[in-house]
Amino acid sequence: MKQVVTILSFAVSLLLFIVGCKGGEKVVPEWELLPPEGCVVDTVCIDTMDVRNPYIRYDYSSDMYYMVADGGYMWRSKDLTLWNGPYDILRWDTASWIGKNPVVTSPEIHKCGNRYYYMATFEPESVSAVKKSSVALVADSITGPYRTIDAGAVLLDAKEVAVHPTFCTDYLDAAYMIYCHDGEQNGDAAVQIIRFSENFARRVGEAYIMFTASQVPWSGSVVNGERNFSPIVEAPCLFYCGDDVMGMLFTSRVGDEKRVGTVYSETGTLNGPWVVDEAPLLAENVGSAMLFNDYDGTLVMAVTMDTVVNGVAKSVPRLIKCDSQFDKLQTKGNYKF
């Protein structure tokens, strides 16, 4: 009898192994989302969240919205109103330049092929040649875990302060990273672009400038009749509208207040030249704009508004409905949940 049970147990195990394999590869168990150490998962309304640089993506397979923001954590929602989190999704190589306890800012999640790429700015805890730089991590699921692609790869110059990365492809499906060379380092922030290698770990060729902060006609302040441009331009977000019109959102400042601006490519390609609109798209104190499509394809812009609630400074997300059917991106008021 014992021998029969052993044979049956072996048969069941073999069957489970066969079922759990596809194309000769064992299926990886679903990643379990857990909160960061010392935190508890909570459900909060988007109007009461305090997050900077939120990036939202709708996932059709799970019918779920996912948000990442400064700090490196993830939230998820069924309706864009109530969000559940935070969840810990990053597992980078601590032996790399990123180190053990970096500051993580301006993250985004992009899907390319069957994999997901987490792009963010990492500021190492220890003093090194790399002060603050941007890189991509990879995962097989939108919820992670996101891991280092190549710990020894060189993507950007170690001396260059690179922030606010985003992802795009060209008409040949070549992958690129658009990012900002920080204005605090060079006095005139530049939105730059580099081409990724096939695995997103290295660059192909050198970076080139798309446009600079000094080209933003509405930014800065006017002193004695002369305009002093703001050295800050950040949060690039590529979009398409009309008949193959290529544009980009970005954030700059008028005095101490943030504004969301637009810049368009005259050739409809990444090569530009890029021309900044004379006036900001959003003239109120909001920034870090990004675009996503909701469950029925409606184009939505997510921005953050700095405010004070009960004496505490907060950065609250705000959702705005947009229209991209014309030659320029248009906003259509607050998004209706």
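The values are calculated or read from the model by the stated rules, or taken from the named source; none is laboratory data. Quick caveat, the model's predicted, so the values are computed rather than measured. Ideal geometry is used to build each Cβ from the backbone, glycine not excepted, and the neighbour counts take in all protein chains shown.
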For this session: Inspect all residues belonging to the stretch 287-309 and state whether any of them is farther than 24 Å from S214 by Cβ and touching a helix residue (DSSP H, G or I) at 6+ places or on another chain (Cβ under 9 Å).
Result: yes
Seminar exercise, completed: Note on the stretch 48-59: residues outside any loop (DSSP other than H, G, I, E, B) and out of contact with any Pro (no Cβ under 8 Å at 6 or more places or on another chain) are T48, I56, R57, Y58, D59
Exercise. Considering only residues of the stretch 244-276 that are more than 20 Å from Y55 (Cα to Cα) and among the small types (G, A, S), which is modelled with the highest pLDDT?
Worked result: S265
For this session: Output the qualifying pairs, or none if there are none: Cβ atoms under 6 angstrom, residues six or more apart or on different chains, first residue in the stretch 148-161 and in contact (Cβ under 8 Å) with a residue 24 or more places away in the chain, second residue among the small types (G, A, S).
Result: T148/S96; I149/A201; D150/A201; A151/S96; A153/A201; L156/S133; L156/A162; A158/A129
Exercise. If you take the residues in the stretch 131-145 that are in a strand (DSSP E or B) and among the polar types (S, T, N, Q), which one is farthest from I194 (Cα to Cα)?
Worked result: S133
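Would you check if V308 is at pLDDT below 95 and under 19 Å from S106 (Cβ atoms)?
Numbers: at pLDDT below 95: yes; under 19 Å from S106 (Cβ atoms): no.
In short, no.
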Problem set entry | Residue pairs meeting the criteria (Cβ under 7 Å; at least 6 apart or on separate chains; first surrounded by 10 or more Cβ atoms within 10 Å (Cβ to Cβ) and modelled with pLDDT of 90 or more, in the stretch 28-39; second assigned to a loop (DSSP other than H, G, I, E, B) and of a type in the set (F, W, Y)) | none
Exercise. Restricting the first residue to the stretch 78-99 and requiring it to be of a type in the set (F, W, Y), which pairs with a second residue that is in a loop (DSSP other than H, G, I, E, B) meet a Cβ separation below 6 Å and a spacing of at least six or different chains?
Worked result: Y87/L33; W92/I98; W97/V130
Exercise. Of V130, V104, V135, which residue is among the aliphatic types (A, V, I, L, M) and closer than 18 Å to L34 by Cβ?
Worked result: V104
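Among the charged types (D, E, K, R) and either farther than 24 Å from Q215 by Cα or at pLDDT 95 or above (or both): is that true of E284 in this structure? Walk me through how you get there before you give the answer.
On the way: among the charged types (D, E, K, R): yes; either farther than 24 Å from Q215 by Cα or at pLDDT 95 or above (or both): no.
No.
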Problem set entry | Selection count where residues are within 28 Å of Y73 (Cβ to Cβ) and assigned to a strand (DSSP E or B), scope the stretch 146-192 | 20
For this session: Kindly list, by first and then second residue, each pair from a residue in the stretch 181-204 that is touching a residue at least 60 places away in the same chain (Cβ under 8 Å) to a residue that is assigned to a strand (DSSP E or B) and basic (K, R), limited to pairs with Cβ atoms under 8 Å and residues at least 6 apart or on different chains.
Result: F196/R203
Exercise. Which residue out of C322, C241 is free of Cβ contacts under 8 Å to residues at least 60 places away in the same chain, farther than 21 Å from V163 by Cα and among the hydrophobic types (A, V, I, L, M, F, W, C)?
Worked result: C322
For this session: Might you check whether a residue that is buried (at least 18 other Cβ atoms within 10 Å of the Cβ), farther than 25 Å from R318 by Cβ, modelled with pLDDT of 95 or more and aliphatic (A, V, I, L, M) occurs anywhere in the stretch 164-180?
Result: yes
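Scanning for something in a loop (DSSP other than H, G, I, E, B), among the hydrophobic types (A, V, I, L, M, F, W, C), touching a residue at least 12 places away in the same chain (Cβ under 8 Å) and under 24 Å from M290 (Cα atoms), does the stretch 113-130 turn up at least one residue?
no
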Seminar exercise, completed: Filtering the stretch 189-243 for residues that are closer than 19 Å to T269 by Cβ and at pLDDT below 90 leaves a count of 2
Exercise. Are there any strands (runs of 3 or more DSSP E) wholly within the stretch 60-111 with 3 or more residues that are of a type outside the set (D, E), more than 26 Å from Y176 (Cβ to Cβ) and within 20 Å of the chain's Cα centre (by Cα), and if so which?
Worked result: 73-77, 82-88
